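**Q** Have a look at the structure that comes next, please.
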Amino acid sequence: MTLMKQAARSVPDIIRKAARVEQVDAKKLARLVASGRAIVPHNPRHRSRPCAIGEGLRVKINANIGTSPDHCRPSEELKKARVAIEYGADAVMDLSTGGDIDAIRKSIIKKVDVAIGTVPIYQAANEAGHLLDMDEDIMFRTIEKHAKDGVDFMTVHCGVTSESVESLRKAKRICSIVSRGGSFLAVWIIKNGLENPLYKNFDYLLELAKEHEFVLSLGDGLRPGSILDATDKPQLHELTILGKLVKRARAAGVQVMVEGPGHVPLDQIETNVRVEKTICKGAPFYVLGPLVTDIAPGYDHIVGAIGGALAAFYGADFLCYVTPAEHLSLPDLEDVKEGVIASKIAAHAADLTRGLDIHMDRDMSKARKALDWEGMFRHALDPVKARRTRDRRPAKSKDRACSMCGKFCAMNTMNELL
C-alpha cells in the first residue's frame with residue numbers, strides 16, 4: 001500500500017516524523033497527503049530526512065547538481081550537495097549527463113540524506129546515443145533503475161504530447177523550448193510521428209511509482225524561456241494535461257507534484273500560481289524561479305529570488321534554486337551556495353507572511369538592538385560572510401558599532417537615551 005493510501009487510513013511513521021519537523025499536527029499532515037495537497041517524498045531504499053511539501057507548510061528549496069559532458073567531476077558534485085544542504089536545501093536533484101551516471105547517482109543517494117530527485121529522460125537519451133534512438137523500453141527501464149536505486153522523486157515530462165507540441169508549433173514564441181527534457185521529447189514526437197510514451201503509458205508509470213514509492217514530479221516541458229512567452233497557449237495547454245494526470249495519479253494512490261515556469265514577469269506570477277492550484281486541485285507547485293527579467297546573467301539568483309518570493313507568497317510550495325551561473329555555465333561551489341541562500345531568503349520571506357518562523361527575525365532584531373554581534377552572526381543565514389564583512393572595516397570608535405555609522409550609530413544613541 002502506498003504512503004498516500006496509508007495516510008487515508010492512519011498516520012504512517014514517516015508522516016509523523018515529518019509533522020514533528022514541521023511542527024504541525026500529524027493527523028492534519030496525513031489528511032493533506034491523503035488528499036494530494038501535500039507530499040512526503042520518501043523512497044524506502046533511501047534513508048532521507050522527513051520532508052513535507054505542500055499546503056500550509058514551510059516553503060521548501062531544491063538545489064540542482066550534476067555533471068555534464070563538458071565538465072565531469074563526481075567528487076565536486078558531492079561537495080556541491082553538502083554545501084547546498086549546509087545552507088538550507090531541503091532536496092537535491094542529480095541532473096548528471098556526463099560520466100558514469102549510474103555510479104554518480106548511487107554515490108549521491110548513499111551520501112546525501114535529504115530527498116533526492118532525478119530526470120531519468122536525460123540518462124535514457126544518453127544511453128540511447130541519440131534522441132531518436134530512444135524507445136519506450138529505454139525510458140521506462142531507466143525510470144525503474146532510478147527507483148530501485150532509491151530516488152525519492154522524478155521529473156517526468158508527461159505533458160509534452162502530440163497535441164501540446166502542435167500548439168507550440170503554431171505559437172510565435174521567442175524561445176521555443178528551454179526545458180532539456182521537454183526538447184528531447186518534442187523532437188522525438190515530431191521526428192518519429194509517435195505519441196510521448198510517458199503520456200501514452202501513464203498507467204504503467206503509475207504502477208512503477210506505486211511499486212517503488214517515488215513521487216511523480218510532472219515536468220513543465222513547455223515552460224516559457226522568455227518573459228515575453230509567459231502564460232501562452234502552449235504553456236497552459238500542457239498544464240491542462242497535467243491537471244488530468246494529477247487526478248489519475250491521486251486515484252492510483254501515487255504522490256504527485258506539478259512543476260511550473262520558468263520566465264514570468266511580476267504581474268503574471270499570481271495568475272500562474274492560482275491557475276496551477278485550480279487546474280491541478282491544490283497539488284504542490286514546484287517552480288523554477290520564476291525569473292522575472294531576462295537581462296541579468298550572472299545575477300539570476302537574485303532574479304529568481306524575487307520571483308520565488310512572490311510565487312511562494314501566492315501559494316507555490318517548492319522553489320528550485322537558481323544560481324549566478326544560470327544561462328552561462330555549470331555552477332561551481334560558490335554558485336551553489338549563493339543560489340541556495342537566495343532561494344532560502346525568498347522562501348523565508350514567504351513563510352513569514354504565513355506566520356511561520358517569525359522568531360528568527362525577532363531574535364535577529366533583538367541582537368541588533370543590543371549590538372550583540374555574536375548573536376547577529378549566530379542568527380544569520382551565512383554567519384561566515386556576515387562576520388567577514390564586519391571585520392573588513394572595523395570601527396575606529398571604542399563603541400560596538402560598525403564602520404557605517406561609528407559614533408553616530410542610531411542603536412547606540414537610542415540605547416543610551418532610553
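**Q** Kindly indicate whether Ile121 is in the same structural domain as Ala186 (by TED's automatic domain parsing) and in contact (Cβ under 8 Å) with a residue 60 or more places away in the chain.
**A** So Ile121 fits the description; yes.
**Q** Which is modelled with pLDDT of 95 or more, in contact with a strand residue (DSSP E or B) (Cβ under 8 Å, 6 or more places away or on another chain), surrounded by 24 or more Cβ atoms within 10 Å (Cβ to Cβ) and in a helix (DSSP H, G or I), of Ile116, Ile121?
**A** The conditions single out Ile121.
**Q** Could you grab me the full set of residues in the range 291-302 that are closer than 21 Å to Ala91 by Cα and either β-branched (Val, Ile, Thr) or in contact (Cβ under 8 Å) with a residue 40 or more places away in the chain (or both)?
**A** Hits for the range 291-302 are Leu291, His301, Ile302.
**Q** Can you tell me which residue among Leu328, Leu319 is out of contact with any Cys (no Cβ under 9 Å at 6 or more places or on another chain), over 16 Å from Gly54 (Cα atoms) and not in a helix (DSSP H, G or I)?
**A** Values: Leu319 fails: over 16 Å from Gly54 (Cα atoms).
After ruling out the rest, the residue left standing is Leu328.
**Q** Here is a follow-up. Can you tell me which condition Thr278 does not meet? The list is (1) closer than 23 Å to Ile174 by Cβ; (2) part of a helix (DSSP H, G or I), and all the others hold.
**A** (1)
**Q** Looking at (1) of a type outside the set (Val, Ile, Thr); (2) farther than 30 Å from Pro50 by Cβ; (3) surrounded by fewer than 24 Cβ atoms within 10 Å (Cβ to Cβ); (4) touching a helix residue (DSSP H, G or I) at 6+ places or on another chain (Cβ under 8 Å), find the lone condition where Pro224 falls short.
**A** (3)
**Q** Among the listed residues Thr353, Thr323, Thr293, which satisfies the condition of being crowded, with 21+ Cβ neighbours inside 10 Å and among the polar types (S, T, N, Q)?
**A** On the way: Thr353 fails: crowded, with 21+ Cβ neighbours inside 10 Å; Thr293 fails: crowded, with 21+ Cβ neighbours inside 10 Å.
Sole residue among the options that is crowded, with 21+ Cβ neighbours inside 10 Å and among the polar types (S, T, N, Q): Thr323.
**Q** Another question about this same structure. Which one of these is surrounded by fewer than 16 Cβ atoms within 10 Å (Cβ to Cβ), at pLDDT 95 or above and closer than 17 Å to Ala283 by Cβ: Ala8, Ala52, Ala38, Ala34?
**A** Criteria check complete, one pass: Ala8.
The values are calculated or read from the model by the stated rules, or taken from the named source; none is laboratory data. If you're wondering where the values come from, they're calculated on a predicted model, not measured in any experiment. All Cβ positions, glycine included, derive from the backbone under ideal geometry; neighbour counts span all protein chains shown.
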